[in-house]
Each structure stands twice: as structure tokens, then as C-alpha cells.
Amino acid sequence: SMIIQPFVENAIKHGLLHKTKGIKKVRIYFYLSDVFTCIITDNGIGLDASKEINEKKITKETSFSTNAIQERLALLKSYYNSDIGFVYEEVKEGTKVVLKIPFTR
């Protein structure tokens, strides 16, 4: 949960908060195969529009959640000695992030 939560928070704070029309949605899917996969999709304004808004802000601050995610993933990479990470995938509307974490039974 400490890894997934910042992505959900970002979907709400950076994607849905600025959406002005229509219903706001966040979908979270979990899959378990050789790795634990979490897919978080929102129908917000998308990565490019969110970056534009952040660039226009007077105070430029590093996102706490971004730093927290990077630190947590670095710890897990070290512990599991495995490639752990996330990617943003292009979607028609909003943002989609796919997070993969190795797991042992």
C-alpha cells in the first residue's frame, strides 16, 4: 500500500482535480502472475496537461510522493535484487500507470 498509494494520490491530485467536465474516475486493478501488477487509470487531464500546469506554478517544489515512490522502489530493488518499477502508458483520456513488484509465495 505504501507504494500504490502515491500513484492513486497523483491520479486524484494531478489528473482529476483539474478536470472540469464529466464524471471523474479512478480505476485500480490488481493482477498476480509471476509478478504482482497494479494498474491505475484515471480519466483526468493527462500527463502533458498536468506538466503544463506544474510548469506555470510560481513555486517549483519537488513532489513528496514522487520522492517517496523512488525511495521505496530503490529499497525493494535492493531487497529482492530484481527489477521493480512502473511505466506510464498512453491512453486516450487521462493517465495509466502500470506498477510491477516481484513477489514470493
> Can you name the residue in the range 58-72 that is charged (D, E, K, R) and modelled with pLDDT of 70 or more and is also farthest from ILE4 (Cα to Cα) among such residues?
Replying inline: GLU71
> Inside the range 11-30, can you point out the residues that are hydroxyl-bearing (Ser, Thr, Tyr) and touching a Cys at 6+ places or on another chain (Cβ under 8 Å)?
Replying inline: TYR29
> Which of the residues that make up the range 12-27 are in contact with a helix residue (DSSP H, G or I) (Cβ under 9 Å, 6 or more places away or on another chain) and open to solvent by 70 Å² or more (accessible area, probe 1.4 Å)?
Replying inline: LYS13, HIS18, LYS24, LYS25
> So how many residues does the range 1-46 have that are assigned to a loop (DSSP other than H, G, I, E, B) and charged (D, E, K, R)?
Replying inline: 5
>> Under 7 Å between Cβ atoms, which residue pairs at least 6 apart in sequence (or on different chains) link something in the range 2-13 that is of a type in the set (Phe, Trp, Tyr) with a partner that is surrounded by 14 or more Cβ atoms within 10 Å (Cβ to Cβ)?
In response: PHE7/ILE40; PHE7/VAL97; PHE7/LEU99
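Closer than 19 Å to LEU73 by Cα and surrounded by 12 or more Cβ atoms within 10 Å (Cβ to Cβ), is that true of THR41? So that I can check it myself, show each step before the final result.
Details: closer than 19 Å to LEU73 by Cα: no; surrounded by 12 or more Cβ atoms within 10 Å (Cβ to Cβ): yes.
It is false that THR41 is closer than 19 Å to LEU73 by Cα and surrounded by 12 or more Cβ atoms within 10 Å (Cβ to Cβ).
The values are calculated or read from the model by the stated rules, or taken from the named source; none is laboratory data. Note that the structure is predicted; figures quoted are calculated from it, not measured. Cβ coordinates were reconstructed from backbone atoms using ideal geometry, including for glycine residues, and neighbour counts include every protein chain displayed. To get the accessible areas, we keep the full protein, side chains included, count just its heavy atoms, and leave off ligands, DNA and RNA. Shrake-Rupley method; radii C 1.70, N 1.55, O 1.52, S 1.80 Å.
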